[in-house]
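Enquirer: Sharing a structure below in structure tokens format, with a few things to ask.
The values are calculated or read from the model by the stated rules, or taken from the named source; none is laboratory data. These numbers were taken from a predicted model, which means no experiment stands behind them. Here the Cβ is made from the backbone with ideal geometry for all residues, glycine too, and neighbour counts use every protein chain on show. The protein model used for the area step is the full one, side chains on, heavy atoms only, and it has no ligands, DNA or RNA in it. Shrake-Rupley method; radii C 1.70, N 1.55, O 1.52, S 1.80 Å.
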Amino acid sequence: ALDIPKTAGINVIFSDDSRNAVNDDMMHSFYMLHVLLGERVGAWFRFTGENHVRKGLQSMDEVKLIIAPQLGYVSKTFAETLLEQVKQGATLVMLDPDALVWDIETGSLAAHRLAIMGCPPGKPRDASHILPAPAGAARFKGIDRLIIQHSKTGAIARTLDVPGDARILFTYEDGAPAVYSRRIGEGEIICFCVMPFGNSELAVNPNGWDAFFATLCDESVIQRNLPIWDFLIPAKGGEVATYTAGN
């Protein structure tokens, strides 16, 4: 009865190796993306597994927006796949400042990280929110700040030596870069210096994060406010017969 779209222009990347590396900690970032992209923005998306893509069980053809919540440990071939998608016109949003560190099969991803993010991993720092820089304010209108959600161990925030070709979109309170973008080929990479979703408190009140992802959808001409996210289950109807033991 639900009008489920046949295709999805948004891929949320899932990596088994990256999940194992955090000891299967709570999946707040994935849940928050479900809330923001689906329930709040109303766009259709799919969780896309690295291993499924490598085995040909899922495809990234025609994807417009790629979002990577956790991607520290991933294969070189998949990192190259992501880069190729960007070159062909996709937007890649790296929500993990510690992304692209190691391939458990072949070793260091330093060269791949440099090609995609443009800088090595950085030093830890504190962060409670990020503020729009002039380029970010012009692009993501109506956002005065974005709250950073802390995990039990604190926010994963870094001071990164951003590349010279970067455009700063958001800064920390002290003015240091917090989010930057790079143009590569026909597409764009948006890199976060802080992992924003350490818990799920903002699911109740996104405080601008929904506007951030709505802008990305509009830029990529991805339809939102789809009816599939706006339906009610009736109070009655569709009941099935239930039985107790002995009856």
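Enquirer: For the range 125-181 and the range 1-71, what is the separation of their Cα centres, given in Å?
Expert: Between the Cα centre of the range 125-181 and that of the range 1-71, the gap is 23 Å.
Enquirer: Continuing with the same structure: Stick to the Cα atoms of the range 132-247, pair each with every other, and give me the Kirkwood hydrodynamic radius in Å at one decimal.
Expert: Working: mean 1/r = 0.0572 Å⁻¹.
Here the Kirkwood hydrodynamic radius works out to 17.5 Å.
Enquirer: Return the single residue from Lys236, Lys55, Lys76 with maximal mean-square fluctuation; model: Gaussian network over the chain, springs between Cα atoms under 10 Å.
Expert: Comparing Lys236, Lys55, Lys76 in a Gaussian network model of the chain, the most mobile one is Lys236.
Enquirer: How far apart, in nanometres, would the label points at Lys123 and His150 be if each is projected 7 angstrom from Cα along the Cα-to-Cβ direction?
Expert: 2.2
Enquirer: Report Rg/Rh for the chain, rounded to two decimals, where Rg is the Cα radius of gyration and Rh the Kirkwood radius. Walk me through the numbers before you get to the answer.
Expert: Numbers: Rg = 19.2 Å, Rh = 19.0 Å.
Dividing the radius of gyration by the Kirkwood radius yields 1.01.
Enquirer: With the chain treated as a Gaussian network of Cα nodes joined by springs under 10 Å, which of Asn225, Asn20, Asn207 yields the largest mean-square fluctuation?
Expert: Asn20
Enquirer: Oh, and also: Could you sort Asp98, Asp174 by accessible area so the largest value comes first, with the probe set to 1.4 Å?
Expert: Values: Asp98 40, Asp174 105 Å².
These residues rank, largest area first, as Asp174, Asp98.
Enquirer: Please name whichever of Gly72, Gly9, Phe212 sits farthest to the positive end of the charge dipole of the chain, dipole taken about the Cα centre and charges placed at Cβ: Lys and Arg +1, Asp and Glu -1.
Expert: Result: Phe212.
Enquirer: What do you reckon, how do Ser75, Ser200 stack up by accessible area (1.4 Å probe), largest on top?
Expert: Details: Ser75 5, Ser200 30 Å².
The ranking, largest first, comes out as Ser200, Ser75.
Enquirer: OK, next. Please list, by residue number, every one of the chymotrypsin sites (Phe, Trp or Tyr not before Pro) in the range 145-246 that is coil in DSSP and has at most 14 other beta-carbon atoms within 10 Å. Could the numbers behind the result be given before it?
Expert: Values: sites: Phe170, Tyr172, Tyr180, Phe192, Phe197, Trp209, Phe212, Phe213, Trp229, Phe231, Tyr243; in loops: Tyr172, Phe231, Tyr243.
Listed in order of number, the matching sites are Phe231, Tyr243.
Enquirer: May I ask you to list the GluC sites (Glu not before Pro) in the range 25-122 that are in a DSSP loop and have at most 15 other Cβ atoms within 10 Å of their Cβ? Don't skip to the end; give the middle numbers.
Expert: On the way: sites: Glu39, Glu50, Glu62, Glu80, Glu84, Glu105; in loops: Glu62, Glu105.
Here the GluC sites (Glu not before Pro) that fit, given the DSSP loop and packing criteria, are Glu62, Glu105.
Enquirer: Ok, one more. Tally up the carbon and sulfur contribution to the accessible surface of the range 140-247 as a whole percent, 1.4 Å probe, everything protein left in place.
Expert: On the way: 3210 of 6230 Å².
It is 51 percent, rounded to a whole number.
Enquirer: Over all distinct Cα pairs, what is the inverse of the mean 1/r for the range 47-103, reported as the Kirkwood hydrodynamic radius in Å?
Expert: On the way: mean 1/r = 0.0862 Å⁻¹.
Taking the inverse mean of 1/r over all distinct Cα pairs, the range 47-103 comes out at 11.6 Å.
Enquirer: Sort Val35, Val101, Val53 from largest to smallest accessible area, using a 1.4 Å probe on the heavy atoms of the protein chains. Can you show the working numbers first?
Expert: Values: Val35 0, Val101 55, Val53 30 Å².
Ranked from most to least accessible, the order is Val101, Val53, Val35.
Enquirer: If you take the alpha carbon radius of gyration of the range 1-52 and divide it by 2.2 N^0.38 Å, what ratio comes out, to two decimals? Please list the in-between numbers first.
Expert: On the way: Rg = 12.7 Å, N = 52, 2.2 N^0.38 = 9.9 Å.
So the range 1-52 has a normalised radius of gyration of 1.28.
Enquirer: Would you kindly find the accessible area of Arg19, with a 1.4 Å probe and non-protein molecules such as ligands, DNA and RNA excluded, rounding to the nearest 10 Å²?
Expert: 10
Enquirer: How about the range 149-219: which GluC sites (Glu not before Pro) there lie in a loop by DSSP and see at most 14 other Cβ atoms within 10 Å?
Expert: Hits after loop and neighbour filter: Glu173, Glu186.
Enquirer: For the chain, take the longest principal axis of its alpha carbons; what is the angle in degrees between that and the long axis of helix 209-219, to the nearest 10 within 0 to 90?
Expert: 80
Enquirer: Moving to a separate point now. Give me the accessible area of His150, 1.4 Å probe, in Å² rounded to the nearest 10.
Expert: Answer for His150: close to 80 Å² accessible.
Enquirer: May I pose another question? If you put +1 on each Lys and Arg Cβ and -1 on each Asp and Glu Cβ, how big is the dipole of the chain around its Cα centre, in Debye rounded to 20? Display every interim value, and only then the final one.
Expert: Values: 22 positive and 29 negative charges, 44 e Å.
Here the chain has a charge dipole of around 220 debye.
Enquirer: With a 10 Å cut-off between alpha carbons and a GNM built on the chain, which of Thr159, Thr77, Thr106 moves the most?
Expert: Residue with maximal mean-square fluctuation among Thr159, Thr77, Thr106: Thr106.
Enquirer: Something else about it: Counting only heavy atoms of the protein chains, get the accessible area per residue of the chain (1.4 Å probe) and round it to a whole Å² value. Intermediate results must be reported in sequence, preceding the final value.
Expert: On the way: 12700 Å² over 247 residues.
Result: 51 Å² per residue.
Enquirer: Taking every pair of alpha-carbon atoms in the range 1-126, give the share separated by more than 17 Å as a whole percent.
Expert: Numbers: 4583 of 7875 pairs.
Here the long-distance tail beyond 17 Å is 58 percent of all Cα pairs in the range 1-126.
Enquirer: What list of ³J(HN,Hα) values in whole Hz, one per residue of the range 77-91 in order, does the Karplus curve 6.51 cos²θ - 1.76 cosθ + 1.60 (θ = phi - 60°) give from phi, with Gly and Pro shown as x?
Expert: Karplus-based 3J(HN,Hα) across the range 77-91 equals 5, 6, 4, 5, 5, 4, 4, 5, 4, 5, 4, 8, x, 7, 9 Hz.
Enquirer: Which number do you get for Rg(Cα) / (2.2 N^0.38 Å) in the range 175-237? Working shown, then result.
Expert: On the way: Rg = 16.7 Å, N = 63, 2.2 N^0.38 = 10.6 Å.
Here the answer is 1.57, to two decimals.
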